[in-house]
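Q: Input: one structure, supplied below.
The values are calculated or read from the model by the stated rules, or taken from the named source; none is laboratory data. Keep in mind that what you see is a predicted model, and the values were worked out from it rather than measured. Ideal geometry is used to build each Cβ from the backbone, glycine not excepted, and the neighbour counts take in all protein chains shown.
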Amino acid sequence: MKLLWFHLMPYTELPDDFAQQHRSVWVDIHSSLFDPKRAHLMYNDFMDEMEFAADCGFDAVCCNEHHSNGYGLMPSPNLIATALARRTTHTAICVMGNSLALYNPPTRVAEEFAMIDCISGGRLIAGFPVGTPMDTCYAFGQNPSLLRERYLEAHDLVMRAWTERDTFAFNGRFNQQRYVNIWPRPIQQPHPPVWIPGGGSVETWQWCARMDYVYAYLSYFGYKDGRATMEGFWNEMARLGKDRNPYRAGFLQFVGVAETREKALELYREPAEYFYGRCLHTDPMWATPPGYVTEATQRAGMVSQVGRAAATSARARQRATEMKEIIDLGYVIIGSPDEVVEQLTEVATTLNVGHLMLLLQFGNMGKDLAKYNTKLFAEAVMPRLWKLFPDWEDRWWPQPMETADRAAVPAFVPGLAAE
């Protein structure tokens with residue numbers, strides 16, 4: 001199986017009384033809480049952590065896109081991915097992803113992803129999320145009832161831009177371009193592998209099956225809560241005549257590993273409680289604008305991750321923000337290497353997921369602890385998980401250039417920047 005290191009880049013210095021004094025971490029979070037000078041240090045720590053994960057041998061490093069919030073400080077994951085492409089060698093760069101409906105024109109996505117693929121030598125995984133309602137409908141003012149239609153049209157434009165060799169005209173409902181002829185073009189042909197991050201929409205499952213894309217469930221609430229969603233996904237794949245290749249799917253899981261379970265509880269209590277008590281403190285008013293959730297998904301009884309986060313936030317002081325609840329509910333897996341291997345093996349095999357994305361930095365976790373968690377996982381857990389699913393082919397993984405044909409990683413020269 002593949003192990004991917006995922007970073008949300010949360011703001012790590014929200015005040016202790018944040019949930020009591022502020023109604024939401026998203027959309028209308030007050031700008032006075034953001035200190036650009038502190039964010040300078042955070043961003044550089046985050047980038048160090050992601051490069052460190054690549055050095056530790058993770059199959060990929062992942063970044064994503066969010067807006068107007070303290071939950072994730074990556075309004076442009078492409079900037080982060082470009083820097084990573086320049087400073088890493090063999091690790092895949094997974095951008096999860098660009099919210100297509102927010103780009104005008106969407107050919108911007110086609111160009112920037114192609115540029116990242118070129119810089120990295122063909123290591124890009126292209127993620128295309130519909131986007132949370134907070135990002136798309138409120139921060140960027142999109143009509144929720146038109147969002148999915150706008151998204152699908154943008155997707156079609158990007159794919160044509162990547163695969164058609166001649167200049168063409170595109171005349172859609174939302175996008176009209178007389179001349180589409182992107183430069184640069186991606187190394188991977190016919191295009192980089194496409195992953196679709198989702199929260200449980202029936203239409204997303206069906207679309208992934210039709211397009212042969214990876215469905216990546218980015219769960220805030222762990223494998224116990226995610227079991228019903230993944231069972232629904234695989235049932236839909238069976239109904240549509242698709243095989244159970246575990247590499248059709250990805251799943252996100254918070255993990256904290258230490259030499260002993262007792263030490264893990266001590267080390268990861270604060271960052272876990274920070275994440276669930278502050279980073280997910282979202283007002284329910286932002287969670288489900290009319291038209292955002294489709295009729296079929298509502299009929300199936302699926303609850304979005306955003307809606308679940310908002311509901312949890314509303315009762316945050318009563319439930320699931322203390323470490324015992326967080327662990328008992330499976331939100332965060334913690335323990336010794338042996339315990340973490342056992343639990344993650346159960347996660348992967350029970351959910352039938354071949355791409356496991358790990359949040360090894362979460363909440364207000366500092367760089368030293370994030371590196372400790374990453375290194376111990378890489379050395380004592382990862383080699384024992386790689387052996388899972390040996391009989392399946394991963395057809396959704398990057399196909400980079402041969403190493404001998406790629407540019408060398410630029411050398412760091414101490415003092416050069418100061419000269």
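Q: Can you pull out the strands (runs of 3 or more DSSP E) entirely within region 108-209 that have at least 3 residues that are more than 22 Å from the chain's Cα centre (by Cα)?
A: Result: 168-171, 176-180.
Q: Find the residue count for region 117-139, including only residues that are over 30 Å from D283 (Cβ atoms), crowded, with 23+ Cβ neighbours inside 10 Å and of a type in the set (V, I, T).
A: Selection size over region 117-139: 1.
Q: OK, next. K371 is checked against (1) farther than 25 Å from Y43 by Cβ; (2) of a type outside the set (F, W, Y); (3) assigned to a helix (DSSP H, G or I); (4) touching a helix residue (DSSP H, G or I) at 6+ places or on another chain (Cβ under 8 Å) and fails just one. What number does that condition carry?
A: Here K371 meets the rest and fails (1).
Q: Let me ask you something else. So which residues in region 210-266 are in a loop (DSSP other than H, G, I, E, B) and under 17 Å from P197 (Cβ atoms), if there are any at all?
A: The answer is D212, Y213, L218, S219, Y220, F221.
Q: Which of the residues belonging to region 61-81 are crowded, with 23+ Cβ neighbours inside 10 Å and small (G, A, S)?
A: G70, A81
Q: Further question on the same structure: Can you say whether T204 is out of contact with any helix residue (DSSP H, G or I) (no Cβ under 7 Å at 6 or more places or on another chain) and either surrounded by 22 or more Cβ atoms within 10 Å (Cβ to Cβ) or on the phi > 0 side of the Ramachandran plot (or both), as far as the supplied structure shows?
A: The answer is yes for T204.
Q: Sticking with this one: Can you work out which of the residues in region 380-395 that are touching a residue at least 60 places away in the same chain (Cβ under 8 Å) and closer than 21 Å to L359 by Cβ is surrounded by the most Cβ atoms within 10 Å (Cβ to Cβ)?
A: M382
Q: Collect the residues in region 65-81 that are small (G, A, S) and in a helix (DSSP H, G or I), keeping them in residue-number order.
A: Passing the criteria: only A81.
Q: Quick check: anything in region 82-98 of a type in the set (G, A, S), part of a loop (DSSP other than H, G, I, E, B) and buried (at least 24 other Cβ atoms within 10 Å of the Cβ)?
A: Checking region 82-98: at least one residue is of a type in the set (G, A, S), part of a loop (DSSP other than H, G, I, E, B) and buried (at least 24 other Cβ atoms within 10 Å of the Cβ).
Q: For residues that are buried (at least 18 other Cβ atoms within 10 Å of the Cβ) and either basic (K, R) or touching a helix residue (DSSP H, G or I) at 6+ places or on another chain (Cβ under 7 Å) (or both), scanning just region 289-301, find the one that is modelled with the lowest pLDDT.
A: For region 289-301, the residue satisfying everything is T297.
Q: Is there a residue in region 356-366 that is surrounded by fewer than 20 Cβ atoms within 10 Å (Cβ to Cβ), at pLDDT 95 or above and not in a loop (DSSP other than H, G, I, E, B)?
A: no
Q: When region 335-350 is examined, which residues are found to be among the aliphatic types (A, V, I, L, M) and surrounded by fewer than 24 Cβ atoms within 10 Å (Cβ to Cβ)?
A: Hits for region 335-350 are V341, V347, A348.
Q: Condition first: touching a residue at least 12 places away in the same chain (Cβ under 8 Å), out of contact with any Ser or Thr (no Cβ under 9 Å at 6 or more places or on another chain) and either buried (at least 21 other Cβ atoms within 10 Å of the Cβ) or part of a loop (DSSP other than H, G, I, E, B) (or both). Now tell me which residues in region 24-49 satisfy that.
A: F34, D35, F46
Q: Kindly evaluate P192 against the criterion of being in contact with an Asp or Glu (Cβ under 6 Å, 6 or more places away or on another chain) and surrounded by 22 or more Cβ atoms within 10 Å (Cβ to Cβ).
A: So P192 fits the description; yes.
Q: If you don't mind, another one. Cβ contacts < 6 Å: first residue free of Cβ contacts under 8 Å to residues at least 24 places away in the same chain, restricted to region 159-175; second residue surrounded by 13 or more Cβ atoms within 10 Å (Cβ to Cβ), any location; separation 6+ or different chain. Result?
A: T167/N181; F168/V180; F170/L157; F170/Q177; F170/V180; G172/E153
Q: Going through region 207-259 one residue at a time, which ones are within 23 Å of I327 (Cβ to Cβ), crowded, with 21+ Cβ neighbours inside 10 Å and aliphatic (A, V, I, L, M)?
A: L218, M230, L252, V255, V257, A258
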